[in-house]
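Following: one structure in structure tokens, then a few remarks.
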Amino acid sequence: MSVVDQLYATLRGAIIDNDLSPGARISETEIAQHYGVSRQPVREAFIKLANEGLLEIRPQRGTFVAKISRPAVMDARFVREAVEADIVKLLAQAPEPTLIADLRGHLVRQREIIGGSARDFMEADEAFHHTLAAGAGKENAWRVIVEMKAQMDRVRFLSSMHFSVARLVDQHTQLVDAIAAGDAVGAEQAIRSHLRGILQDLPIIEQEHPEYFR
């Protein structure tokens, strides 16, 4: 991984985890000094983050962590639901025992970290959904989702800090059970219900943290 990619991944994670809060000003010079690199790779990482909607580069004023865009969150949720609904239907049409065992292993891991850090659960959740996509042979579709869901992930992180993640693990369990049973309709209903949870959480988070949103 190049220096630019490493910086991009580190800063992206800090923004999604709210370590770099919406509206915060960040400096190329300070980031370069902190990580012991020149300003050029920092500048390139900033451009990649700006293209993803996570940074705002304002000429003559500086670079700021972008506030969360509600329309971007809604668009990402819409696309993600459409794609993942088709993924789980494909999986349920021909359940693979090896994949089911792998998914149940993810569920064990998720239950082990209930009550732990939001970051740990986010990583476990990401791995679970990636496994679904990979199992259906839809890695490219998953990459498209990853590229556009950064704003959604910021809300998901705040949500996992505010609300019990046990309900999410229960939803994952219902989904895996439906896939294992060859119930394509049940699997589709489970994933749609799961991904629509953000519609309930978002207004609460907006009310509690209005300064985080545009």
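The values are calculated or read from the model by the stated rules, or taken from the named source; none is laboratory data. Quick caveat: nothing in here was measured; it's all calculated off a predicted structure. Don't worry about glycine lacking a Cβ; one is built from the backbone with ideal geometry, like all the others, and counts go over all protein chains shown. Heavy atoms of the whole protein, side chains included, go into the accessibility calculation; ligands, DNA and RNA do not. Shrake-Rupley method; radii C 1.70, N 1.55, O 1.52, S 1.80 Å.
Conditions tested, residue by residue: (1) modelled with pLDDT under 95; (2) open to solvent by 20 Å² or more (accessible area, probe 1.4 Å); (3) farther than 28 Å from Q207 by Cα; (4) touching a helix residue (DSSP H, G or I) at 6+ places or on another chain (Cβ under 8 Å).
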{"site": "V3", "(1), (2), (3), (4)": "yes, yes, yes, yes"}
{"site": "L11", "(1), (2), (3), (4)": "no, no, no, yes"}
{"site": "I16", "(1), (2), (3), (4)": "yes, no, no, yes"}
{"site": "S27", "(1), (2), (3), (4)": "yes, yes, yes, no"}
{"site": "Y35", "(1), (2), (3), (4)": "yes, yes, yes, yes"}
{"site": "S38", "(1), (2), (3), (4)": "yes, yes, yes, yes"}
{"site": "P59", "(1), (2), (3), (4)": "yes, yes, yes, no"}
{"site": "V65", "(1), (2), (3), (4)": "no, no, no, yes"}
{"site": "R70", "(1), (2), (3), (4)": "yes, yes, no, yes"}
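Does any residue in the stretch 89-106 that is open to solvent by 40 Å² or more (accessible area, probe 1.4 Å) come within less than 6 Å, Cβ to Cβ, of a residue that is outside any loop (DSSP other than H, G, I, E, B) and among the charged types (D, E, K, R) six or more places away or on a different chain, and which pairs are these?
Partner pairs satisfying both residue conditions: K89/E188.
Could you tell me which numbered condition E126 fails, if it satisfies all but one of (1) open to solvent by 20 Å² or more (accessible area, probe 1.4 Å); (2) touching a helix residue (DSSP H, G or I) at 6+ places or on another chain (Cβ under 8 Å)?
Checking E126 against (1) open to solvent by 20 Å² or more (accessible area, probe 1.4 Å); (2) touching a helix residue (DSSP H, G or I) at 6+ places or on another chain (Cβ under 8 Å), the one that fails is (2).
Is one or more of the residues making up the stretch 37-47 touching a Leu at 6+ places or on another chain (Cβ under 9 Å) and over 25 Å from A72 (Cβ atoms)?
Within the stretch 37-47, one or more residues are touching a Leu at 6+ places or on another chain (Cβ under 9 Å) and over 25 Å from A72 (Cβ atoms).
Matching residues to (1) exposed (fewer than 13 other Cβ atoms within 10 Å of the Cβ); (2) acidic (D, E); (3) more than 23 Å from G116 (Cβ to Cβ):
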| site | (1), (2), (3) |
| --- | --- |
| L132 | no, no, no |
| G137 | yes, no, yes |
| N140 | yes, no, yes |
| F157 | no, no, no |
| V165 | no, no, no |
| T173 | no, no, no |
| G186 | no, no, yes |
| I198 | no, no, no |
| L202 | no, no, yes |
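Do you know which of the residues in the stretch 27-66 that are free of Cβ contacts under 8 Å to residues at least 40 places away in the same chain, touching a strand residue (DSSP E or B) at 6+ places or on another chain (Cβ under 8 Å) and part of a helix (DSSP H, G or I) is farthest from M148 (Cα to Cα)?
Among them, the one singled out is E28.
Output the number of residues of the stretch 40-54 satisfying the condition of being out of contact with any Lys or Arg (no Cβ under 8 Å at 6 or more places or on another chain) and either open to solvent by 10 Å² or more (accessible area, probe 1.4 Å) or not hydrophobic (A, V, I, L, M, F, W, C) (or both).
The total comes to 9.
Scan the stretch 162-173 and report the pairs whose first residue is more than 12 Å from R111 (Cβ to Cβ) and whose second residue is among the charged types (D, E, K, R) and part of a helix (DSSP H, G or I), with Cβ atoms within less than 7 Å and a gap of 6+ or a chain change.
Within 7 Å, the pairs are F163/D201.
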